[in-house]
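The structure under discussion appears below in the form of C-alpha cells.
Read the figures in this text as sums done on the coordinates, not as results from a lab. Predicted model, so just to flag it, every value in this text is computed and none were measured. Don't worry about glycine lacking a Cβ; one is built from the backbone with ideal geometry, like all the others, and counts go over all protein chains shown.
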Amino acid sequence: MNTTDRGTRTASTRRTVTFVAVGIAVPVLATIASIAVQLAHRSGLPERIATHWNGLGQPDQWMAPWVATALTAIVGLGVPALLTIPAIALRRSGMPGVPLRLAAAVSAATATGTAYVAAATLVSQADGGTVHLGSLLGVAAVIFVCVGLAGWAVMPPDDTPRPASIKPLAVSPDERLAWLSTETINRWLAALIVGCAAAPLVVLMVAGVRGPAATIVVPSIVALLAILLVAATAVGFHVRIDERGLTVRSIVGFPRFHVASTDIQSVSAMQVSGIGEFGGYGIRVRKGALGVILRPGPALEVTRSNGRRFVVSVRSAETAAAVLATVADRAVRSA
C-alpha cells in the first residue's frame, strides 16, 4: 500500500468515526443525561406535569412524569434511528459526505435540544415550581443551533471528484446507437424521506393527543399522503439515448425532459450529491442547471448550447456519456 492509499483510507476512517460520534453518540449521551436528570428529580414531582402550553403561555395538557421520560427516550433515540442509521447505509452505497454531515448534524441538534427541553420542563416543576416557557425555548434554540453547527464543523468533508473525461465511441457512421435504462431512487433514501415525514405524526400519536389538538392529526395525514403522491412522479425515470439525443421520462409518464443531439455542447460523467449540489433529491432546479437527482453517486451531465446543465442520475454514467457524446458528435458532423 502506498502513502496516498494509506492517507485516503485514514481520511475515510476519520469521516466515518466523526459521523457516528456526531450522529449517534451525541444523541444517545444527551438522551441518557436528560433521563438521569429527570429520574434524579422524580421524588419532588407532582403526579401529573404540564407538557403543553397555549398561546398565552398557560398549560393546557398534562401527563404523568414517567410518560414524559419515556417520550424522551423514544424521541432521543428515534431521531438517530431515522436519520443516522439510513445515512450509514447510504454512505456504503457511495453517497458523498455533504448529505451525511447534514443528517448527523440535524440528528445531534434535534436530540440534544429535545433532551434539554424534556429535562428542563420536568425539573422546573419539581417542588411546586413552574416552567418559564420563553427562557426555556430560547435556551433550547441556542443549544440546537450551537450543537448543529459544531457537529457540522467537526465532520471533515469528502474530496470533490472531478468529472470523468468522455470521448466518443469508435463506431462506423452507419451504425445505429441506442442506450436504455430505468433509474430509481435509492431505497435507503426513500426510507429516510418517509421516516422524516412520518416522525412528527408518530410523536403526536405516541403523545396521545386528544381534544381540539387532535384535529390536526387527520389533516396532517392527508397532507403527508398528498406529498407522497406527488413524490411518486419522481421516484423513477426511463432514460433513453438515441440519434435524437437524451430523453428522460418519469415511470408514471410525466414529467418528461429532452435534450436534442444538436443542442449538446459537452457531455461528462460525474459524482453527484443531491443535497450538496442541488439542495435535495427529485427534480431539482438551481441557477444554470436542472437535475433529475434520484440518489447520490454516478450521474450523466450534459451542457447545452446555451451553457445550461442537465444532470440525471444513472448507474452506468460513463457508458451513457460515451454513447451520448457519440450521438452529439454525429449531429455536429451532419449539420
Practice problem: May I ask you to compute the full-extension gain from THR130 to HIS258, defined as 0.36 nm times their residue separation minus their alpha-carbon distance, rounded to one decimal in nm? | Solution: 39.8 nm
Quiz prompt | By average C-beta atoms within 10 angstrom, highest first, the peptides 140-152, 106-118, 24-36 | solution = 106-118, 24-36, 140-152
Quiz item: What's the extension gain from MET63 to SER172 if we count 0.36 nm per residue and subtract their Cα-Cα distance?
Solution: 31.6 nm
Practice problem: Calculate, for ARG244 and LYS287, the FRET efficiency according to 1/(1 + (r/R0)^6) with r their C-beta to C-beta distance and R0 22 Å; round to the nearest 0.05. | Solution: 0.20
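Using the 10 angstrom Cβ neighbour count as an exposure proxy, how do SER43, SER266, SER172 rank, fewest first?
SER172, SER43, SER266
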